[in-house]
Amino acid sequence: MDEDRIAEIVGQWRRERPDLDASPLLIIGRIQQLAEALDAALRPTFAAADLGNGDFNVLAALRREGEPYTLTAGQLSQRMLVTTGAVTKRVDRLIARGLVSRSVSAADARGRVVGLTPAGVTLTDQLIEKHLANEEAVLRGLTDNDRRALEHLLATLARTVTP
């Protein structure tokens, strides 16, 4: 990532529009640039398992619940911060792969629950190990103090941005 490019853009705006404060780009621009770089760095693990964007999030949300690894579509939607329609598309793809199943809820015969299959549990456990190792590698240039400070700053920013 070329951090100087963001500073250069800010400098150009300062030159062209000195009446504007372009400094937010130093943060927001870098976050956007980092998001793209992180996707490129982390996506190959999931692509190698033939998972589309967000598919692993379904598997991980179910696995984190603990046995019996089931949630309703509404619960998945809340945990993944996506619409139930997006959940349904992802679940349908994962059902076709034999990684999750959809069944009648024991609590409400009208409701449906999504659950991990044994193959889904195995794949999720394999992928989370690789994913966390990739994330650790991405963060290797940060000291423990840097990481704690960044965690705090990002949490603070998230609270100001997220409703």
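The values are calculated or read from the model by the stated rules, or taken from the named source; none is laboratory data. Because the structure is a prediction, the values reported are computed rather than measured. Methodologically, a virtual Cβ is constructed for each residue, glycine included, from the backbone with ideal geometry; neighbour enumeration extends over all protein chains shown. What goes into the accessible areas is simple: the full protein's heavy atoms, side chains included, and nothing from ligands, DNA or RNA. Shrake-Rupley method; radii C 1.70, N 1.55, O 1.52, S 1.80 Å.
Identify which of the listed values of volume of the Cα convex hull per residue in Å³ was calculated from the structure shown: (1) 142; (2) 111; (3) 163.
(3)
Please report the spacing between the Cα centers of region 1-42 and region 135-163 in Å, no decimals.
So the separation of the two Cα centres works out to 18 Å.
Based on DSSP loop calls and a cut-off of at most 16 other Cβ atoms within 10 Å, the longest stretch of the chain free of exposed trypsin sites (Lys or Arg not before Pro) is what? Could the numbers behind the result be given before it?
On the way: sites that count: Arg97, Arg110, Arg140.
Result for the longest clean stretch: 1-96.
In degrees from 0 to 90, rounded to the nearest 10, what is the angle of the helix 118-138 Cα long axis to the longest principal axis of the chain?
Value to nearest ten degrees: 10.
Of Glu151, Glu67, Glu136, which is the most mobile in a GNM of the chain whose springs link Cα atoms less than 10 angstrom apart?
Glu151
What accessible area per residue comes out for region 50-161, rounded to a whole number of Å², with a 1.4 Å probe?
Dividing the accessible area of region 50-161 by its residue count gives 63 Å².
Given the options Ile28, Ile128, Ile95, state which has the largest fluctuation in a GNM of the chain using a 10 Å cut-off (strictly under) for Cα springs.
Ile28
Can you tell me, using C-alpha contacts under 8 Å and at least 6 residues apart, the relative contact order of the chain as a whole percent? Before the final figure, lay out the partial values.
Numbers: 124 pairs, mean separation 29.3, N = 163.
Over the chain, the number comes to 18 percent.
GNM, the chain, Cα, under 10 Å: largest mean-square fluctuation among Leu142, Leu116, Leu127?
Answer for the Gaussian network model of the chain: Leu142.
Using only Cα atoms and rounding to the nearest 10 degrees, what angle (0 to 90) does helix 3-16 make with the longest principal axis of the chain?
Once rounded, one gets 50 degrees.
Which percent of Cα-Cα pairs in region 53-148 sits in each 10 Å bin, short to long?
Spelled out bin by bin, region 53-148 gives 16, 43, 25, 12, 4, 0 percent.
How big is the Kirkwood radius of region 1-48, worked out from every pair of different alpha carbons and given in Å to one decimal?
It works out to 12.0 Å.
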